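Below you'll find the structure, written out as structure tokens, and then a few comments.
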Amino acid sequence: MGMGEHDELRFAMERFGLQDFFDERHYAHMTLREVQVGDILSRQNFDLDSLYFLLEGDVRFFRFSGSGKMVVLGFGHGPSMIGEVELVLHKPTVAFTELMTDGTVVEIPMDYCRQAMSDDIDFANAIAFNLAQHLDAADINTTTNVALKLEEKIASYILSVEKDGYFELDLQLLPGMLGATYRHLLRGIKALREAGVIAQKDDGYTILDREALALHGRDRYTL
């Protein structure tokens, strides 16, 4: 890595608060690169050659069942880590990771990560911290899916993704994530609209009654 690349990486790590997680001696093994919407970082049942730190951007995680049905497992946002399960367990990836927006990642070879974990406690702690975060989010989302009715799931999802009262719903992705059919999902959205809780706006929706939405979505997805 040249001096210019080294400085650029140091700036990125400081910008996203990762400088305390990784000693600068590891930077020579890191690659900072731009990624684009549609890029795939991991593929189901394939070995992952690199550990990724998603600095900025949005991703979705999905896998295909034995019958060929695509199941959306969840979404991720930078800054976050991708590949820590495969790193620790030495196993192929269980899902695809696809960029939903343009973004920036730091890439580190898996072999180097395993070596670094053995002699750098801060590096190992960073891996453990991110793994714990992902497991916690998975537990919350699984419980939410099991415990809530469909309208409540939709409301919980809306409350997790809305910004200043505005949100969009990907009708191709949400049925797999919420465990519903496309038709049932449309019925749930229609029920919230007819109740005056949400309304269509531009290419998405806007929240009309946040209090009512909060009553529906008592639990929140961790996205």
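Some points to look at:
- 3J(HN,Hα) along segment 172-177: 8, 8, 5, x, x, 6 Hz, from the Karplus curve 6.51 cos²θ - 1.76 cosθ + 1.60 with θ = phi - 60°, whole Hz, x for Gly and Pro.
- Solvent-accessible surface of the chain, averaged per residue with a 1.4 angstrom probe and all protein chains in place: 55 square angstrom.
- Segment 172-213, Rg to Rh (Cα coordinates; Rh as Kirkwood inverse mean 1/r): 1.00
- Nonlocal amide H pairs with Asp102, under 5 Å, H built at 1.01 Å: Val37
- Counting every pair of alpha carbons in the chain, the share spaced more than 24 Å apart comes to 50 percent.
- Computed [θ] at 222 nm, deg cm²/dmol, the chain (DSSP H ≥ 4; -39,500 (n - 2.57); rounded to nearest 500): -13000 deg cm²/dmol
- Between Ser50 and Met110, the built amide H atoms are under 5 Å apart, and every one of these is 5 or more places off in sequence or on another chain.
- Largest to smallest principal axis extent of the C-alpha atoms in segment 7-129, angstrom: 46, 29, 20
- Ordered from highest to lowest accessible area with the whole protein assembly present and a 1.4 Å probe, Arg193, Arg63 read as Arg193, Arg63.
- Only protein atoms count toward the accessible area here, which uses a 1.4 Å probe; on segment 39-171, the carbon and sulfur part of that area reaches 53 percent.
- Taking all protein chains together and a 1.4 Å probe, the residues Glu194, Glu84 rank Glu194, Glu84 from largest to smallest accessible area.
- Sequence of Met13, Met117 when ordered by accessible area, the most exposed leading, probe 1.4 angstrom: Met117, Met13
- Out-of-range pairs (alpha-carbon distance over 23 Å; input Lys163/Lys201; Lys149/Lys190; Lys91/Lys153): Lys91/Lys153
- Amide hydrogen neighbours beyond the local backbone of Phe96, cut-off 5 Å, H modeled: Gln44, Phe62, Arg63
- Rg/Rh, computed from the Cα trace of segment 64-166 with Rh as the Kirkwood radius, has the value 1.01.
The values are calculated or read from the model by the stated rules, or taken from the named source; none is laboratory data. Computed from a prediction, not measured in an experiment: that's the story for all the values here. Surface areas here come from the heavy atoms of the whole protein model, side chains and all, with no ligands, DNA or RNA. Shrake-Rupley method; radii C 1.70, N 1.55, O 1.52, S 1.80 Å.
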